[in-house]
Protein chains: 2
Amino acid sequence: MYVVRMIRRGWLPSTACGWILFIAIACLSTGSKANAYDGLVEKKVFEIPSYTTAGAHVIKTVRMGYETYGKLNQDGNNAILIPPFFGGTSHAAGKYTPADSLPGYWDGIIGPGRPLDTERFFVISTDGLVNPNTKDGITVSSGPASTNHDTGKPYCMTFPTISIRDFVDVQKALIDHLGVKRIYAVIGLSMGGMQAFEWAAAYPEMVDRIIPVVAIAQCNAFEIGIIDSWVASIMLDPHWNGGNYYAREAPIEGVKMSMKVVILQTRHSDWANKVFERKWASSDKDPAKSMENRYSVQKFLDETSSKLATQYDANHVIYQLRAIQLFSVGGKDSLAEGLKKIKAKVLMLPARNDLLFPLADSSEIRNLLMKQGNQVNFFELEGPLGHMTGITGISQATDVIARFLSN
Amino acid sequence: MYVVRMIRRGWLPSTACGWILFIAIACLSTGSKANAYDGLVEKKVFEIPSYTTAGAHVIKTVRMGYETYGKLNQDGNNAILIPPFFGGTSHAAGKYTPADSLPGYWDGIIGPGRPLDTERFFVISTDGLVNPNTKDGITVSSGPASTNHDTGKPYCMTFPTISIRDFVDVQKALIDHLGVKRIYAVIGLSMGGMQAFEWAAAYPEMVDRIIPVVAIAQCNAFEIGIIDSWVASIMLDPHWNGGNYYAREAPIEGVKMSMKVVILQTRHSDWANKVFERKWASSDKDPAKSMENRYSVQKFLDETSSKLATQYDANHVIYQLRAIQLFSVGGKDSLAEGLKKIKAKVLMLPARNDLLFPLADSSEIRNLLMKQGNQVNFFELEGPLGHMTGITGISQATDVIARFLSN
């Protein structure tokens, strides 16, 4: 039923799917170690000939890229799963080639002797579905840009709605295929952390531990609204054309606009005020003199959002964002009811100054889980980068994660 | 030199310039009294034949609407000035006609026996410059939509950049014309509060008191970035056409997109989660089934931003937002240096859960002012509406304002 193809990526240029979001602030990173996961990693592809979504739509030939670090043990119970974050890929650790400028996004906590110890654990990281990075030639992820074999054309907006539960179920098919019997832990960042919650609610008997990092268990009305504005920018671009742009110019400006808001919302004023102050983009171009003259922070936003806009597929962005809006753990309207399905031990790693998923969201989840009797550890990441601290500040939790995984 | 024309507005339909932002949440208002300022109010127009901006550009025939409540005393020292907030107008109190559905936005604190007691004070509220509401037929405010008499066409983007200092200086010309000798107090909301700070720094010998409500004294890098994203949405709309749209279709979709983000950023999740929860816009249209099906909060955002988009002039929105970005009190790079010019007594009314101008911004200003010896009162408005609490929650400060104005 399942087909796995290996793709050798040695010929590919140095790449950093998703990472471009973070390059500009790498200097502020508070600990991610520069040395990569030992050994090169390769992207593999998992394929399902026919997949039925949670919404009961059938998709023929669902494909999903993934990477593994370490080896599965004989009992099939040492697997740690890393679902993708919004805009990110499976590339959590190591390098594809020695020439890559950056390792995977959580390289600092993955590898021999690190919390996700690859001498001990079999770590699986996936591209998920409707991944925005498919244009990079490395990321593999079915979605609106995929060819609908019934028509020979891209699905565009006829691709069915994808939910966080769909992410989980395709990953479930993958780990079944790989021979995993129990999941030692699911650790995920942001949308990846939502998948961690959903894994524990959907397969409570199979998941021993979850580590949601800067994540929520239900998208509330305000967050639905914020995401609506991200999507609306893309749809405002006439090149989006109802999602039908694969044979023509892509809606780069719309995605760029959207990413500007994403970049700010996933950071914090402490970062912006420290890095840019009120400096001008050019010392001879006073913003008071002309509308075209910019502040330094505007230049950064223009450049960073432009890079992301070129890199991302607009429809895939829209589909991932809808999956986040739809998310309510365990498929229940009530957060408390959804969380009741979870039996796993939980380590929550929120960021103290997260503007996207405020600390209060995480505190509410913790309290509900504790009331119902779950073992919950709660550790706040600190730093000027708000939501992004889930990447840049993860090494603050090195010992906490290691201890959680040793019990 | 100055020409004042009275415009009778009895024939105008019930209107609510700026208010439309707030109608949808009026039910949550925590105290603004329904009864209007006693007596009808009328819009007046102040005109300067030639005005030179802070950036040394000459504008011929600058016009600005204003309203007054109460009477100037013989010594000319009982004036309270209310500069406009972003997107708002001079309509702070009373009604234009008995049939108006809503009074001015701060009606609850203006009138006989109220803190801004019109038996005692001469209250002046202005439309300011580059006001986005000029299409309403009531608001009067020179800007890109005004006719450049040298060309006979609208200025569009050739209108010079306007700063908060320009707002202040045109208001200064108005009060000089009205015979005001000293300003008893300047009270302003958000961008109006920035003008209050700037008034006290620009004319320290003339201003006795300021009451900045949910305001900042310097636009920091993060806030510059947020505002950049608001402006970028408008410019993304092809109908914006470089600001040249007065003889054609206006960029309604771009302004709508921009206002979606404004509406969220000036509110708080406590409001959204209480009012909308995760309810669907239509009970038979599950957002999981189709991208076109929406949540209730999305419907609200669509409808409210559409109304604002129809009402606002896009270029005027862009110009007011640039004025905010440019703002640094006293024209100094350093916040501390700028504040040093201020001699007035200060009452700051920040909102505790303001997401646009966080409480920490206000605390920093307070500390700097106190260190340099100013008398500063600081009172936090509370409520689920974040920044908007400056309007909906102003009655929480009724006694505090009254006491501040009695000393």
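Go over the candidates B:ALA323, B:ALA309, B:ALA288, B:ALA314 one by one and state the one that is in contact with a helix residue (DSSP H, G or I) (Cβ under 6 Å, 6 or more places away or on another chain), more than 21 Å from B:MET191 (Cβ to Cβ) and among the aliphatic types (A, V, I, L, M).
So the residue among B:ALA323, B:ALA309, B:ALA288, B:ALA314 that is in contact with a helix residue (DSSP H, G or I) (Cβ under 6 Å, 6 or more places away or on another chain), more than 21 Å from B:MET191 (Cβ to Cβ) and among the aliphatic types (A, V, I, L, M) is B:ALA288.
Which of the residues that make up segment A:317-338 are at the interface with chain B (Cβ under 10 Å from one of its Cβ atoms), free of Cβ contacts under 8 Å to residues at least 40 places away in the same chain and among the charged types (D, E, K, R)?
If the condition is that a residue be at the interface with chain B (Cβ under 10 Å from one of its Cβ atoms), free of Cβ contacts under 8 Å to residues at least 40 places away in the same chain and among the charged types (D, E, K, R), then A:ASP333 is the only one that fits.
Which condition does B:MET370 not pass, out of (1) hydrophobic (A, V, I, L, M, F, W, C); (2) in a helix (DSSP H, G or I); (3) closer than 24 Å to A:TRP280 by Cα, if it passes all the others?
(3)
Cβ-Cβ under 8 Å, sequence separation 6+ or interchain: first residue in segment B:49-73 and within 14 Å of chain A (Cβ to nearest Cβ), partner surrounded by fewer than 18 Cβ atoms within 10 Å (Cβ to Cβ). Which pairs?
Between residues of segment B:49-73 that are within 14 Å of chain A (Cβ to nearest Cβ) and residues that are surrounded by fewer than 18 Cβ atoms within 10 Å (Cβ to Cβ), the close pairs are B:GLY55/A:LYS289.
Within segment A:185-208, is even one residue away from chain B (no Cβ under 14 Å), of a type in the set (S, T, N, Q) and in a loop (DSSP other than H, G, I, E, B)?
So far as segment A:185-208 goes, yes, one or more of its residues are away from chain B (no Cβ under 14 Å), of a type in the set (S, T, N, Q) and in a loop (DSSP other than H, G, I, E, B).
Does segment B:172-182 include one or more residues that are of a type in the set (D, E, K, R) and assigned to a strand (DSSP E or B)?
Checking segment B:172-182: not a single residue is of a type in the set (D, E, K, R) and assigned to a strand (DSSP E or B).
Just give me the residues in segment A:77-96 being touching an Asp or Glu at 6+ places or on another chain (Cβ under 8 Å) and surrounded by fewer than 24 Cβ atoms within 10 Å (Cβ to Cβ), in sequence order.
Of the residues in segment A:77-96, the ones touching an Asp or Glu at 6+ places or on another chain (Cβ under 8 Å) are A:84, A:89-94, A:96.
Selection gives A:GLY94 alone.
For residues that are touching a helix residue (DSSP H, G or I) at 6+ places or on another chain (Cβ under 6 Å) and assigned to a helix (DSSP H, G or I), scanning just segment B:209-225, find the one that is surrounded by the most Cβ atoms within 10 Å (Cβ to Cβ).
From segment B:209-225, those touching a helix residue (DSSP H, G or I) at 6+ places or on another chain (Cβ under 6 Å) are B:210, B:212-222, B:224-225; that's our starting set.
This time we only want the ones that are assigned to a helix (DSSP H, G or I), so: B:221-222, B:224-225.
Details: B:ALA221: 22, B:PHE222: 21, B:ILE224: 26, B:GLY225: 23.
Looking at residues that are touching a helix residue (DSSP H, G or I) at 6+ places or on another chain (Cβ under 6 Å) and assigned to a helix (DSSP H, G or I), I get B:ILE224.
With A:GLY39, A:GLY87, A:GLY65 as the choices, which residue is at pLDDT below 95 and of a type outside the set (A, V, I, L, M)?
A:GLY39
Suppose we filter segment A:146-171 for residues that are on the phi > 0 side of the Ramachandran plot and part of a helix (DSSP H, G or I); how many remain?
Going through segment A:146-171 one residue at a time, the tally reaches 1.
Which of the residues belonging to segment B:166-207 are among the basic types (Lys, Arg) and either crowded, with 23+ Cβ neighbours inside 10 Å or within 22 Å of B:ASN374 (Cβ to Cβ) (or both)? Talk me through it step by step, then tell me what you get.
Residues of segment B:166-207 that are among the basic types (Lys, Arg), as a first pass: B:172, B:181-182.
If the condition is that a residue be among the basic types (Lys, Arg) and either crowded, with 23+ Cβ neighbours inside 10 Å or within 22 Å of B:ASN374 (Cβ to Cβ) (or both), then B:LYS172, B:ARG182 are the ones that fit.
Could you say which residue among A:VAL231, A:VAL213, A:VAL275 is touching a residue at least 40 places away in the same chain (Cβ under 8 Å), more than 10 Å from chain B (Cβ to nearest Cβ) and among the hydrophobic types (A, V, I, L, M, F, W, C)?
Just one listed residue meets the conditions, A:VAL213.
Those residues that are without any contact (Cβ under 8 Å) to a residue 12 or more places away in the chain and facing chain A (nearest Cβ under 9 Å), I need them from segment B:239-272; list them, please. Explain how you work it out, then say what you get.
To start, the set of residues in segment B:239-272 that are without any contact (Cβ under 8 Å) to a residue 12 or more places away in the chain comprises B:241, B:247-249, B:269.
If the condition is that a residue be without any contact (Cβ under 8 Å) to a residue 12 or more places away in the chain and facing chain A (nearest Cβ under 9 Å), then B:SER269 is the only one that fits.
What do you reckon, is B:LEU385 crowded, with 23+ Cβ neighbours inside 10 Å and under 25 Å from B:VAL231 (Cα atoms)?
Considered against the rule, which asks whether it is crowded, with 23+ Cβ neighbours inside 10 Å and under 25 Å from B:VAL231 (Cα atoms), B:LEU385 comes out as yes.
Condition check ((1) hydrophobic (A, V, I, L, M, F, W, C); (2) at negative phi; (3) under 19 Å from the mean Cα position of the chain (by Cα); (4) part of a loop (DSSP other than H, G, I, E, B)) across all residues:
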residue: A:LEU264; (1), (2), (3), (4): yes, yes, yes, no
residue: A:ALA272; (1), (2), (3), (4): yes, yes, no, no
residue: A:MET291; (1), (2), (3), (4): yes, yes, no, yes
residue: A:PHE300; (1), (2), (3), (4): yes, yes, no, no
residue: A:GLU303; (1), (2), (3), (4): no, yes, no, no
residue: A:LYS307; (1), (2), (3), (4): no, yes, yes, no
residue: A:ALA323; (1), (2), (3), (4): yes, yes, yes, no
residue: A:ALA336; (1), (2), (3), (4): yes, yes, no, no
residue: A:LYS343; (1), (2), (3), (4): no, yes, no, yes
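Consider A:ASP100 against the criteria (1) surrounded by fewer than 24 Cβ atoms within 10 Å (Cβ to Cβ); (2) under 20 Å from the mean Cα position of the chain (by Cα): it satisfies all of them except one. Which criterion is unmet?
Result: A:ASP100 fails condition (2) only.
Collect the residues in segment A:278-316 that are more than 12 Å from chain B (Cβ to nearest Cβ) and crowded, with 17+ Cβ neighbours inside 10 Å, keeping them in residue-number order.
Within segment A:278-316, A:LEU308, A:GLN311, A:TYR312, A:ASP313, A:ALA314, A:HIS316 qualify.
State whether the residues of segment B:242-258 include one that is at pLDDT 95 or above, assigned to a loop (DSSP other than H, G, I, E, B) and of a type in the set (S, T, N, Q).
yes
When segment A:388-399 is examined, which residues are found to be surrounded by fewer than 21 Cβ atoms within 10 Å (Cβ to Cβ) and within 24 Å of A:THR266 (Cα to Cα)?
A:SER395, A:GLN396, A:THR398
Hey, can you tell me all the residues within segment A:112-130 that are within 20 Å of the chain's Cα centre (by Cα) and in a loop (DSSP other than H, G, I, E, B)?
Correct list: A:PRO115, A:ASP127, A:GLY128, A:LEU129, A:VAL130.
Looking only at segment B:118-165, which residues are within 27 Å of B:ILE401 (Cα to Cα), crowded, with 20+ Cβ neighbours inside 10 Å and out of contact with any Ser or Thr (no Cβ under 7 Å at 6 or more places or on another chain)?
Across segment B:118-165, the qualifying residues are B:THR118, B:PHE121, B:ILE164, B:ARG165.
Scanning segment B:345-366 for residues that are in contact with a Ser or Thr (Cβ under 8 Å, 6 or more places away or on another chain) and within 23 Å of B:SER406 (Cβ to Cβ), which turns out farthest from the other protein chains (Cβ to nearest Cβ)?
Within segment B:345-366, the match that is farthest from the other protein chains (Cβ to nearest Cβ) is B:MET348.
The values are calculated or read from the model by the stated rules, or taken from the named source; none is laboratory data. Quantities reported herein were computed from a predicted structural model and do not represent experimental measurements. A quick note on method: Cβ atoms are made from the backbone with ideal geometry, for glycine too, and the neighbour counts reach across all protein chains shown.
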